[in-house]
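The structure under discussion appears below in the form of structure tokens.
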Amino acid sequence: MIYNEMLVQVPMCSHDKVELDVCVIGGDDDIKKELSFHKSNIIEIEDESGLADIENQFDVIISTKYVSSVYLNKALREKGLAVQPCKTLTDTELFEKVGKLMYINQPYWFFNEENKIETILFSSKKYHGQADIVRNKSDFIEHTEFYNTDMHINGFNYPTKIFKTILPFIKL
């Protein structure tokens, strides 16, 4: 529940467009439920190969699997953004790979139901996950048990040691 809320609400509340064209890669009913609280047109695909022939079609890509920056860059519109899982807050190999073609590239984190840290990579052609939060969206999300505006913003704050480790590999 927490993972799906953070996977969906962070990108949906970071894009200023009201009705979004969304691609869900490897999603499930819980992700669709979270998306149902937003005005969105949803297309579901199994993996990144489903993006091979798509250009400039999506505002947001939400993936439960790795997606290369080539596919993200090509499938996203000019202000598009994407989220996908990453192993840790210091998954510099992933940050470097995905960051090659994306303007903003940074992880966010939160604790799951078992009090373990989960991390998701936020990649964008325009929007910053923390600085560009759309408060007239995030402040009115009322159905969630975990996500709120403060959790969204705080997810992009890192301990100093981690920040120094990832700074050469992320784009702010």
### Query
List pairs: first in region 3-21 and closer than 17 Å to Ile42 by Cα, second among the basic types (Lys, Arg) and in a helix (DSSP H, G or I), Cβ under 8 Å, 6+ apart or cross-chain?
Asn4/Lys33; Met12/Lys137; Cys13/Lys137
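Of all the helices (runs of 4 or more DSSP H) wholly in region 42-138, which have at least 2 residues that are out of contact with any Cys (no Cβ under 7 Å at 6 or more places or on another chain) and closer than 16 Å to Phe156 by Cβ?
Working: elements: 69-75, 92-99, 135-138.
Because the criterion is at least 2 residues that are out of contact with any Cys (no Cβ under 7 Å at 6 or more places or on another chain) and closer than 16 Å to Phe156 by Cβ, the helices (runs of 4 or more DSSP H) in region 42-138 that meet it are 92-99.
Just give me the residues in region 64-77 being hydrophobic (A, V, I, L, M, F, W, C) and surrounded by 18 or more Cβ atoms within 10 Å (Cβ to Cβ), in sequence order. It would help to see each step written out before you state the result.
Taking region 64-77 as the starting set, the residues that turn out to be hydrophobic (A, V, I, L, M, F, W, C) are 67, 70, 72, 75-76.
Of everything in region 64-77, those that are hydrophobic (A, V, I, L, M, F, W, C) and surrounded by 18 or more Cβ atoms within 10 Å (Cβ to Cβ) turn out to be Val67, Leu72, Ala75, Leu76.
Which one is surrounded by the fewest Cβ atoms within 10 Å (Cβ to Cβ), of the residues in region 78-94 that are of a type in the set (A, V, I, L, M) and in contact with a Ser or Thr (Cβ under 6 Å, 6 or more places away or on another chain)? Write out each step before concluding.
As a first pass, look at region 78-94 and keep what is of a type in the set (A, V, I, L, M): 81-83, 89, 94.
Imposing the further condition that a residue be in contact with a Ser or Thr (Cβ under 6 Å, 6 or more places away or on another chain) reduces the set to 81-82, 89.
On the way: Leu81: 30, Ala82: 28, Leu89: 19.
Of everything passing the filter in region 78-94, Leu89 is surrounded by the fewest Cβ atoms within 10 Å (Cβ to Cβ).
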### Query
Does region 35-55 hold any residues that are within 15 Å of Ala75 (Cα to Cα) and among the hydrophobic types (A, V, I, L, M, F, W, C), and which are they?
Ile42, Ile43, Ile45, Leu51, Ala52, Ile54
### Message
Condition first: surrounded by 15 or more Cβ atoms within 10 Å (Cβ to Cβ) and either over 16 Å from His128 (Cβ atoms) or in contact with a Cys (Cβ under 7 Å, 6 or more places away or on another chain) (or both). Now tell me which residues in region 10-30 satisfy that.
### Response
Leu20, Asp21, Val22, Cys23, Val24, Ile25, Gly26, Gly27
## Note on the structure
Checked region 109-128 for anything buried (at least 17 other Cβ atoms within 10 Å of the Cβ) and either acidic (Asp, Glu) or touching a His at 6+ places or on another chain (Cβ under 8 Å) (or both); matches are Glu118, Tyr127
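Values quoted throughout were computed directly from the atomic coordinates according to the rules given, and no laboratory measurement underlies them. Everything numeric in this text was worked out from a predicted model, so none of it was measured. All Cβ positions, glycine included, derive from the backbone under ideal geometry; neighbour counts span all protein chains shown.
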